[in-house]
Structures are given as C-alpha cells and as structure tokens.
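The values are calculated or read from the model by the stated rules, or taken from the named source; none is laboratory data. Given the structure is predicted, the values throughout are model-derived calculations rather than measurements. Glycine also receives a Cβ, built like all others from the backbone with ideal geometry; neighbour counts cover every protein chain displayed.
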Amino acid sequence: MQNHLNNNPPAQQPLPSQPPMAPPSSQPTQPPMAPYPPVQQPLPPQPPMAPQPPMAPYPPRPAAPQSNGSGIASLVLGIVSIVCAFLGSLAWVGLFAGIISIVLGVMGRKTQPDSIATAGLVLGIIGTVLCTVLFVACAMFCSVMRTGFREAFRNYGR
C-alpha cells in the first residue's frame, strides 16, 4: 500500500540472464562543460590586399559541328526506297527515292565524309536495285498473267 502513495517505482531486479549493472559511482566522471565557449578577443585589422590583375576573358565557344543535311536526307530516302521495294505497287516510288538518295549521298560525302552520308549512299544503291528487280518482276508477272488470262478466256467459250 505504501508503494502506491509515494509515486516511486518499485526497485527492479535484474533478469537472471543479464549480468548485474555496476553502480554509477564506479564510472569515470567528466568535468562539466560550460554552456557556451569562451569569448575570444577580436582579431587585429588586416592590411588591405594587393590589387589583383584583371582576369582573362573566357575563351570563345567552339563552333557547333556542321550537320550533313544531304547525308541525312540520303539516309532517309534510302530507307524509304527499301521499304517501298516491298510494298509492291509503290516500287516505282522507291526507285525514284533510291536514285535521289544516291545523288544526295555522293554530294554529302564530298562536303563531309562521314558515316551518315555513306550509309545513305549504300541504302540508296540497295533500294534502287531492289526496286528495279521487284518492279521488273511484277511487270513480267502481270504480262504473263494477262497473256494467260487471254488464252483462258479464248478457250473458255469453245
């Protein structure tokens, strides 16, 4: 009953698995710290600094690399010519795109020999050859089919 009246918690016993705690008086004590560091005396005034030489201006910005517009156009038209080669009836569009791609690729390699113009030139050549071969094959197929249909219609009525 006495414990409830004087608001002090009961003394706790250490658990059997824990070692007993050392009494607080056996720990080394540190001297108490001051709440604020000691005030230092102000430093004496410094002599003025020597004048600095003027800074050199920034170097000029390097020129932006020139883009090869005809090389990029050659690359795009070369890709278009290859795609049109496989679209059947648009093979003639691919043929013209391939020829223009070859011309622009040669012009692009003269002004700036980089890989874009070379790639456009190669794709233009491949696209032109593919379009020519597939256009001729389609024309021959249509001619054979037309002749075959004429023969079939002539013989149908007999």
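Among the residues of segment 55-82, those that are more than 23 Å from the chain's Cα centre (by Cα), of a type outside the set (Gly, Ala, Ser) and loosely packed, with under 14 Cβ neighbours inside 10 Å comprise Met55, Pro57, Tyr58, Pro59, Pro60, Arg61, Pro62. When the test is whether a residue is in contact (Cβ under 8 Å) with a residue 24 or more places away in the chain and in a helix (DSSP H, G or I), Cys142 does not pass it. Scan segment 85-100 and tell me whether some residue there is at pLDDT 85 or above, in a helix (DSSP H, G or I) and under 28 Å from the mean Cα position of the chain (by Cα). No, the conditions are met nowhere in segment 85-100.
The single condition among (1) of a type in the set (Gly, Ala, Ser); (2) modelled with pLDDT under 60; (3) under 30 Å from Ala97 (Cβ atoms) that Ser25 does not meet is (3). For segment 81-93, the count of residues that are aromatic (Phe, Trp, Tyr) and farther than 25 Å from Cys131 by Cβ is zero.
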